[in-house]
Amino acid sequence: MTQTLPSTRGTAAVVIRGYRPTDHSACRRLWAELTSEHRRLYPDAPPVPAATPAAVGEFGTATSPADAASGAGFEEYLTRLDLSGMWVAQHGDDGVVGFVGLILQGRAGSVDPVVVTAQRRGQGVGRALLGYVAEQARRRGMRELTISPALRNLEAIRCLYHAGFDAAATVTLALDLTGRNGQWRDGLDLHGVQFRY
């Protein structure tokens with residue numbers, strides 16, 4: 001099944017369809033963009049092994065800067081046993097400009113990841129991917145769909161909010177065991193308690 005978004009402002013229509021093996025290099029490139037964005041948001045964060053759920057899903061980090069630049073974490077993402085589906089956004093002559101994955105979590109699902117190339121952000125591609133994956137989750141009888149954006153990614157958090165992700169279901173807290181406390185920023189108030197982020 002595919003979904004086509006009408007063209008806007010003189011641009012070609014965006015088609016959302018299932019991932020195909022021929023999309024591999026484009027999605028790997030998008031994964032590298034996701035990883036680079038995380039490194040921009042958290043420049044002092046130590047590299048995380050690409051196979052860990054936090055690395056693969058929320059941040060897309062890889063074990064080294066070279067792996068990050070090449071999108072190597074995408075290879076491990078594709079081997080996840082809980083990956084229930086993957087869809088791409090294709091835009092005219094630009095080809096694949098975004099993708100989204102659906103991860104099974106019992107009777108619920110998790111969007112993991114949603115990524116849109118920098119040149120197409122702000123054009124509704126991410127929202128369309130989120131709407132599509134939400135519809136797929138409904139069709140599969142899932143009760144809830146969650147997503148865990150990086151807390152410093154304010155643009156993504158706002159986009160997710162406007163796409164309907166307006167209920168805070170969980171909070172992930174970290175205990176920094178590396179002694180690199182300088183990587184965290186002060187200033188997040190949650191239920192009257194001050195957190196670094």
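The values are calculated or read from the model by the stated rules, or taken from the named source; none is laboratory data. The structure displayed is predicted, hence computed values, not measured ones. Positions of Cβ are generated from backbone atoms using ideal geometry, with glycine treated the same way; all protein chains shown enter the neighbour counts. These accessible areas exclude ligands, DNA and RNA; they are computed on the full protein's heavy atoms, side chains included. Shrake-Rupley method; radii C 1.70, N 1.55, O 1.52, S 1.80 Å.
Under a crude label model (7 Å from the Cα following the beta-carbon direction), how far is VAL171 from ASP93 in nanometres?
So the two model labels end up 5.0 nm from each other.
What residues have an amide H closer than 5 Å to that of MET142, excluding those fewer than 5 places away on the same chain, when H is modeled at 1.01 Å from N in the peptide plane?
Amide H to amide H, under 5 Å and 5 or more residues apart or across chains, MET142 pairs with nothing.
Between HIS191 and ARG17, take the C-beta separation as r, use R0 = 30 Å, and let me know the FRET efficiency to the nearest 0.05.
0.10
Report the normalised scattering of the range 115-188 as log10 I(q)/I(0) at q = 0.14, 0.17, 0.20, 0.22 Å⁻¹, calculated by the Debye formula with identical scatterers on the alpha carbons.
-0.61, -0.81, -0.98, -1.08
List the residues, sorted by chain then number, that are 5 or more residues from VAL97 or on another chain and whose placed amide H is less than 5 Å from its amide H.
The list, which skips near neighbours in sequence, is ALA89, GLN90, HIS91.
Please give the peptides 147-158, 81-92, 17-28, 184-195 ranked by average Cβ packing (other Cβ atoms within 10 Å per residue), highest first, as a rough proxy for protection.
The most tightly packed comes first, giving 81-92, 147-158, 17-28, 184-195.
With every protein chain present, what is the per residue accessible area of the range 128-197 (1.4 Å probe, Å²)?
Ligands and nucleic acids excluded, the result is 72 Å² per residue.
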